[in-house]
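Remarks on the structure that follows.
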Amino acid sequence: MIGRIMRSRGMKKFTRNRLAVVASFVIGIYMLIALAVAFGAISLEECRERVLPGRAYGFLQEPNQEERFNELNWYISQHLESTLGSPSGFASDPDSASRRERAALAERGIPEDLSDSQVQEIWAALSASFAELDDAWLDREDLRYEIADINLMISESEDADEQADLADELEDLAAEGETYDREVNALVEQVEAGLLELMPIPTGFAGLKYGFRTFLGSDESGRSVAMRAFYSIKIAFQVGLVAALMSVSIGTILGGLAGFFGSWVDHAVMWLVSVLSSVPYLVLLAVLVYVVRGNALFSEWFDNPQERPGLALVPVYAAFGLTFWIGTCRVVRGEVMKIKELEYVQAATAIGFGRIRILLKHVIPNTTHIMFINFSLIFIGAIKSEVILSFLGLGVQGQPSWGVMISLGREDVQNFFFWTVLSATALMFGLVLAFNIVSDALQDAFDPKHV
Amino acid sequence: MWAFIVRRILYNIPVYLSIILLLMAGLRYARDPVRSQLSKNPTQAERDAVKQKMGLDQPFVVQYVKFLGKTLTLDFSEESWSQKGRSVGDVIKKAIPPSLSITVPTLMASASISIVIALISAYFRGRTVDRTLVVLAVLGMSISFLVYIIFGQFFGAFWPNQVTQTTPFAITGYEPWMPLLTEGASLRNWVEFCMLPVIIGVVVAIGYDTRFYRAVMVEETTKDYIVTAMAKGASKPKIIFVHMLKNAMIPIITRIMATLPFLITGSILLEMYFKIPGMGFELITAINADDFPVIQAFVAVFAGLFILSIILTDVLYALVDPRVRLS
């Protein structure tokens, strides 16, 4: 059947559409990534572990000095302080090895060729210079407040002499401020160099992996955005494929039976179709997820999504599978009703073939193009609905997905940090756009009269 | 005509009865309805007591007939489980005005704007303007609704607030604005709380609608009467805006009517995000809080509204296109 459709005239028309071929190629790349993730290229633990300070920028965007200071503050006074302990006792600590391990951020750790005493030395120096930086920073903040105060006083005072005095004072303070600026600049460089000495950015293969982890920055709790966004490709394919396969097969079977046999089969199927399509689809999805998740028989499956993220997807599959088949069923029924009046079906009946055989061999294969079109339409629908369901708290749980990333990222956006939402959106945009182009081209090639 | 209307109504009665049947059965048997009302490991006696209090111990048929009767007489006097002291009917009544103040403007604005864009696109068919519009529509459709909302709120409310210290639109929330319904309400409240969600909703809807309307117009251009008009020497604007628009009205009306019920729920996301206490917001809150009576009543009402609008669409359709009445 696949071979026949590959050789058909519609397929030739499809491959002549260059944009559609490029789009199919893009889908292929996404599929390869999804397969790689499924075979363990990115594990769930790697999506959950901390690699960077919270809300660190990705490539292209340079942090300003204040953001650099905040990052250093996180590295030294939060992360290293809690994992390495106070600088004085590190070399004499019996479990220094486990402390080193805990200090490591993914591939970026304290190198093994540094002995415990060397680590202690660098760590002490780093800690001291950061304390110095912290003081200088606070002093400079104070000075800035003072300058702002004097500026305010100048604007409020009406006495010319007083204004001149204040202006002189302002000049002195500005000169002092410049020395502070130089000091802070030097100290920031020094602390950054010290941090690089203690925890150098890895090179070689580990460096490549670390670079991949950090190139899109980190989310609010310091997890790698790149890892999460690429892991989500697998989730998108999982949700999209399951939803599309379930819906297309249910829709084709029921639509084929209804269209071919007519009478009470048709009535029963159309009754189900009109019942399900009389509830708005988002309400239907939400209620179905709610019902399946609270199911008395296996509700404990869904109680702990952190440990069983795969099972937590079952309600979503069920809701998609039970909702999206309606459209396919309607179209297939219409097409089958048309096909069964054609001469070759009559010929098959005249030869004496059974009705089931005619349906399976002569009618259903001629609806393949509808299956393909609907497959890609449902795939898009499932990916987009996943985002909405995840935002409503009814979708993916316990693992990253584009929906989870976008809905968690809304607080980042409100804090002027865009990397989480934009990364998820960009990857999703590519896949959905490719599918949109492919389904348009399929429709043009196989079903040109369709509006 | 009347025979057609009666037929449509008669056809939809069993459909509605089945929806209520499936809904009630699903909520009662596919999941444990009283789980959220009980302690961790309840005894059978406790379970029975709660069930009896909620009226869930009666035979299913009795419950079905009772709920159906209440729904048809719009008597939702049951108490909500999560919002103590409020009846379900009160929740529904309070939720309708906020929902309508978002959906009605969104529907009107998006329909008129996208028809205009589609006409422009059809007028310049195959040329740069048309191609750009089509590409823009496809690109716009590939971005999630949620992303539009996030950035709409950011650039509409957060960013102006940070940069210029003014608040054209509220970040979240809702205040009544219809002057006749509440004291001291003014249209300004609508601009502050509803305008931004409406703009976002319109922007998203335009992408989908334009594509559909353009396809309708393009199909219309291949019809014989257009060729005749061209042969007679009618000008292009006249053909498109007079001949074609009139004939394209049938699918356009159907489409508008068909999106009507979707807008009731299509705003679920907008309502949840901007914390506007409308129908969608109340339904999702009820689902997350396991509020059994509210879920049941809301789905019943949603389905009822949906079916009414489907019947209305059919009737309108039959009104503009007499051929439909025969089938």
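The values are calculated or read from the model by the stated rules, or taken from the named source; none is laboratory data. Bear in mind the structure is a predicted one, so any value in this text is a computation, not a measurement. Here the Cβ is made from the backbone with ideal geometry for all residues, glycine too, and neighbour counts use every protein chain on show. Side chains included, ligands, DNA and RNA excluded: accessible areas come from the protein's heavy atoms. Shrake-Rupley method; radii C 1.70, N 1.55, O 1.52, S 1.80 Å.
The single condition from (1) free of Cβ contacts under 8 Å to residues at least 60 places away in the same chain; (2) under 31 Å from the mean Cα position of the chain (by Cα) that A:Val248 fails is (1).
Residues that are within 30 Å of A:Gly354 (Cα to Cα) and buried (at least 19 other Cβ atoms within 10 Å of the Cβ): does the range A:308-325 have at least one? Within the range A:308-325, one or more residues are within 30 Å of A:Gly354 (Cα to Cα) and buried (at least 19 other Cβ atoms within 10 Å of the Cβ). Annotation: B:Lys275 fulfils all but one of (1) open to solvent by 50 Å² or more (accessible area, probe 1.4 Å); (2) modelled with pLDDT of 80 or more; (3) on the phi < 0 side of the Ramachandran plot; the unmet one is (3).
When B:Thr166 is tested against (1) open to solvent by 60 Å² or more (accessible area, probe 1.4 Å); (2) outside any loop (DSSP other than H, G, I, E, B); (3) not aliphatic (A, V, I, L, M), only condition (2) is not met.
Residues that are in contact (Cβ under 8 Å) with a residue 40 or more places away in the chain, outside the structural domain of A:His369 (by TED's automatic domain parsing), of a type in the set (Lys, Arg) and not in a helix (DSSP H, G or I) do occur in the range A:55-64, at least one of them.
Does the range B:172-187 contain any residue that is within 29 Å of A:Asn415 (Cβ to Cβ), within 11 Å of another protein chain (Cβ to nearest Cβ), at pLDDT below 85 and open to solvent by less than 50 Å² (accessible area, probe 1.4 Å)? It would help to see each step written out before you state the result.
Within the range B:172-187, the subset within 29 Å of A:Asn415 (Cβ to Cβ) is B:172-175.
So of that shortlist, the ones also within 11 Å of another protein chain (Cβ to nearest Cβ) come out as B:172.
Those still in the list that are at pLDDT below 85 too: B:172.
Add one more test, that the residue is open to solvent by less than 50 Å² (accessible area, probe 1.4 Å), and what stays is none.
Checked the range B:172-187: no residue is within 29 Å of A:Asn415 (Cβ to Cβ), within 11 Å of another protein chain (Cβ to nearest Cβ), at pLDDT below 85 and open to solvent by less than 50 Å² (accessible area, probe 1.4 Å).
Within the range B:3-23, the set of residues being more than 9 Å from every other protein chain (Cβ to nearest Cβ), within 22 Å of the chain's Cα centre (by Cα) and open to solvent by 30 Å² or more (accessible area, probe 1.4 Å) comprises B:Arg8, B:Ile9, B:Ile13, B:Leu17.
Applying a threshold of 7 Å to beta carbon distances and a minimum spacing of six or more residues, or different chains, the list of pairs starting in the range A:37-48 at a residue that is closer than 13 Å to A:Ser224 by Cβ and ending at one that is assigned to a helix (DSSP H, G or I) and not basic (Lys, Arg) reads A:Ile42/A:Met227; A:Ile42/A:Phe230; A:Ile42/A:Tyr231; A:Glu46/A:Met227; A:Cys47/A:Met227; A:Cys47/A:Tyr231. Pairs are defined by a Cβ separation below 6 Å, a sequence spacing of at least 6 or placement on different chains, a first member in the range A:1-27 that is at pLDDT below 85, and a second member that is loosely packed, with under 11 Cβ neighbours inside 10 Å and small (Gly, Ala, Ser); no pair meets this definition. Listed by first and then second residue, the pairs with beta-carbon distance under 9 Å, at least 6 apart or on different chains, first residue in the range A:143-172 and free of Cβ contacts under 8 Å to residues at least 12 places away in the same chain, second of a type in the set (Gly, Ala, Ser), are A:Gln163/A:Ser157.
Please verify whether A:Arg228 is closer than 30 Å to A:Pro315 by Cα, open to solvent by 50 Å² or more (accessible area, probe 1.4 Å), touching a helix residue (DSSP H, G or I) at 6+ places or on another chain (Cβ under 8 Å) and not aromatic (Phe, Trp, Tyr), treating the condition exactly as stated. When the stated conditions are applied, A:Arg228 does not pass them. Scanning the range A:65-85 for residues that are over 26 Å from A:Asn185 (Cα atoms) and without any contact (Cβ under 8 Å) to a residue 24 or more places away in the chain yields a count of 3.
Quick grid of which residues meet (1) outside the structural domain of A:Ala23 (by TED's automatic domain parsing); (2) aromatic (Phe, Trp, Tyr); (3) in contact (Cβ under 8 Å) with a residue 12 or more places away in the chain; (4) crowded, with 24+ Cβ neighbours inside 10 Å:
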residue: A:His369; (1), (2), (3), (4): no, no, yes, no
residue: A:Ile373; (1), (2), (3), (4): no, no, yes, no
residue: A:Leu377; (1), (2), (3), (4): no, no, yes, no
residue: A:Ala382; (1), (2), (3), (4): no, no, yes, yes
residue: A:Glu386; (1), (2), (3), (4): no, no, yes, yes
residue: A:Gly393; (1), (2), (3), (4): no, no, no, no
residue: A:Gln397; (1), (2), (3), (4): no, no, yes, no
residue: A:Ser401; (1), (2), (3), (4): no, no, yes, yes
residue: A:Val404; (1), (2), (3), (4): no, no, yes, no
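Looking only at helices (runs of 4 or more DSSP H) that lie completely in the range A:256-356, which have at least 1 residues being within 14 Å of another protein chain (Cβ to nearest Cβ)? Once the helices (runs of 4 or more DSSP H) in the range A:256-356 are filtered for at least 1 residues that are within 14 Å of another protein chain (Cβ to nearest Cβ), what remains is A:263-277, A:281-293, A:314-339.
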